[in-house]
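*Asks:* Have a look at the structure that comes next, please.
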Amino acid sequence: MARELDSLHEQSQFRSLTIPAGVNLCSNDYLGLAADPRLKQAVIEAVSRVSAVGSTGSRLLSGNSAEWEQAESAFAEFAGTEAALYFGSGYAANVGLLGCLLKRGDIVFSDSLNHASLVDGMRLSGATKVVCPHCDLQFLERALREHAGTNGSKMIVTESVFSAEGDVAPIDGLLRLAKEFGAALVVDEAHATGVCGPHGRGIAAEHNFQRELLAVVHTCGKALASSGAFVCGGSTLKTYLVNRARTFIFSTAMPPYLAGQIRAATALARESNSQRAHLQEISASLREMLAARGFNCGASTTHIVPVMLGTNELALKVASELQRNGFAVKAIRPPTVPVGTARIRLSLTSRITHQEICGLVAAIDEACASVPRIPSASTVHA
Ligand SMILES: Cc1ncc(COP(=O)(O)O)c(C=O)c1O
């Protein structure tokens, strides 16, 4: 362990736990609901409504409750799908979903920037994985064509808003290819839930595609300021997961009051149009101000704005300088992103003001005074 930790230090790959301080730019609380007094009150009421604060077992044993069943029906209505099944985390949802839907002999086409939870689910399944360059529809089409004659099911897996890059997957193109080649499409909306689409219902809902996908994953730990995730899809999918998803079956259910928190957070998110508009506005200003100073923000079009820096050392140095200046910013390094594209990632929330954005840009400019800028085209959809 010590040798491996030393080697992480040598490669500027060492990670440690810190408590964020200052303007928080590494938070997924996109709508600012985590500290919203209305949500806190809803939690208090949910706790006082339930007869027990522990779930007492797996959902298939003693852990099922009316609260979770109602939360799933309400969320399916929000997501625009026939059914939804709740998992204790987004990680568990993706691992459980892909781990049981795919099997050895199947082929899964995965975007190169997909989240580790999707990657781990695919690995666990034993399916053959084809990693597609980020958002490259031409590559995907060639790969699907190449594997068209093979046995086994085909599946395309993508995030909708990519956490590493802040760009949006070409869902319409992915769905067109999925239909043409008889593949299923699974979309992880973790960073879009509550933020994108009509009333925050996600990118798939923006296109009204949600019922054409095999599964849409909405997480509750980010804009919904709660925890867990819903896998949304048809009722057969839900029944299949209840019978086959190991992270659902072999895990204690979350406490029933959390179902109340999630329902209240979803209702608040639905009505948060002004927060969504503010988030879009400050994100666009941030990108514009950074671009005007020669920074490369990759392909970001959303509330997640990377600033490409290249090496791990540089990303760490800039992040720590910004932290010293009162901005909680994290360096994102390989393996989360491809080697050579280490960056700082700015995750905006609706609580951040225009003034704070201006202060942040000035601080980034100062921290990078002697840093050569990376031309934009070199990392966009590399
Ligand atoms: C795209 C994506 N999917 C899934 C997850 C996992 O969700 P959770 O944090 O609820 O485990 C994350 C978390 O960061 C994520 O970014």
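Just so it is clear, none of the values below were taken in a lab; they were calculated from the coordinates. Computed from a predicted structure; not experimentally measured. As a convention, Cβ positions derive from the backbone with ideal geometry for all residues, glycine included, and neighbour counts pool all protein chains shown.
*Asks:* Tell me, in nm to one decimal, what length is gained between Ser320 and Ala148 on full extension, where the rule is 0.36 nm per residue of separation less the Cα-Cα distance?
*Replies:* Numbers: separation 172, 0.36 × 172 = 61.92 nm, distance 4.88 nm.
Gain on extension, Ser320 to Ala148, equals 57.0 nm.
*Asks:* Do the sum for the chain: with -39,500 (n - 2.57) for every DSSP H run of n ≥ 4, divided by all residues, what is the mean residue ellipticity at 222 nm, to the nearest 500 deg cm²/dmol? Each step should come with its number before you reach the end.
*Replies:* Working: 14 runs with 158 residues, N = 382.
My calculation for the chain gives -12500 deg cm²/dmol from helical runs alone.
*Asks:* On to the next question. Place a point 7 Å from the Cα of His199 along the Cα-to-Cβ direction; which residues of segment 78-95 have their backbone N under 19 Å from it?
*Replies:* 78-85
*Asks:* Checking the a/c ratio against 1.5 first, then a/b against b/c, what shape does the Cα gyration tensor give for segment 1-74? Intermediate results must be reported in sequence, preceding the final value.
*Replies:* Values: a/c = 3.36, a/b = 1.72, b/c = 1.95.
Verdict is oblate for segment 1-74.
*Asks:* Once the Cβ-Cβ distance between Thr336 and Gln11 is put in as r, and R0 is 22 Å, what FRET efficiency do you end up with, to the nearest 0.05? Please list the in-between numbers first.
*Replies:* Values: r = 14 Å, r/R0 = 0.63.
For R0 = 22 Å, the calculated efficiency reads 0.95.
*Asks:* Using 5 Å bins from zero, what percent of all Cα-Cα pairs in segment 142-202 falls into each bin?
*Replies:* All Cα pairs, binned at 5 Å, distribute as 4, 17, 24, 20, 15, 10, 7, 3, 0 percent.
*Asks:* Sticking with this one: Hey, can you grab everything whose amide H is under 5 Å from the amide H of Phe109? Only 5+ residues off in sequence or another chain; H modelled, so Pro and N-termini drop out.
*Replies:* Amide H neighbours of Phe109: Val130, Met155, Ile156, Val157.
*Asks:* With N residues in segment 52-270, what two-decimal value do you get for its Cα radius of gyration over 2.2 N^0.38 Å? Provide the component values of the computation, followed by the final result.
*Replies:* Values: Rg = 16.5 Å, N = 219, 2.2 N^0.38 = 17.1 Å.
Here the answer is 0.97, to two decimals.
*Asks:* Specify the residue with the greatest mean-square fluctuation among Thr266, Thr56, Thr252, computed from a Gaussian network of the chain linking alpha-carbon atoms under 10 Å apart.
*Replies:* Thr56
*Asks:* Separate question: Please report, in whole Å³, the volume per residue of the convex hull around the C-alpha atoms of segment 261-382.
*Replies:* Details: hull volume 14.9 nm³, N = 122.
Cα convex hull per residue, to the nearest whole number: 122 Å³.
*Asks:* Quick check: Cα centre of segment 224-272 to Cα centre of segment 1-52, how many Å?
*Replies:* 20
*Asks:* If you don't mind, there's one more thing I want to ask. Looking at the chain, what % of the alpha carbon pairs are farther apart than 29 Å?
*Replies:* Details: 32304 of 72771 pairs.
In whole percent, the share of Cα-Cα pairs in the chain beyond 29 Å is 44.
*Asks:* Which shape class, rounded, prolate or oblate, goes with segment 155-280 when its Cα gyration tensor gives a ≥ b ≥ c as root eigenvalues, a/c under 1.5 marks rounded, and past that a/b bigger than b/c marks prolate? Could you put the intermediate results ahead of the total?
*Replies:* Working: a/c = 1.99, a/b = 1.05, b/c = 1.90.
Judged from the Cα gyration tensor, segment 155-280 comes out oblate (a/c at least 1.5, b/c at or above a/b).
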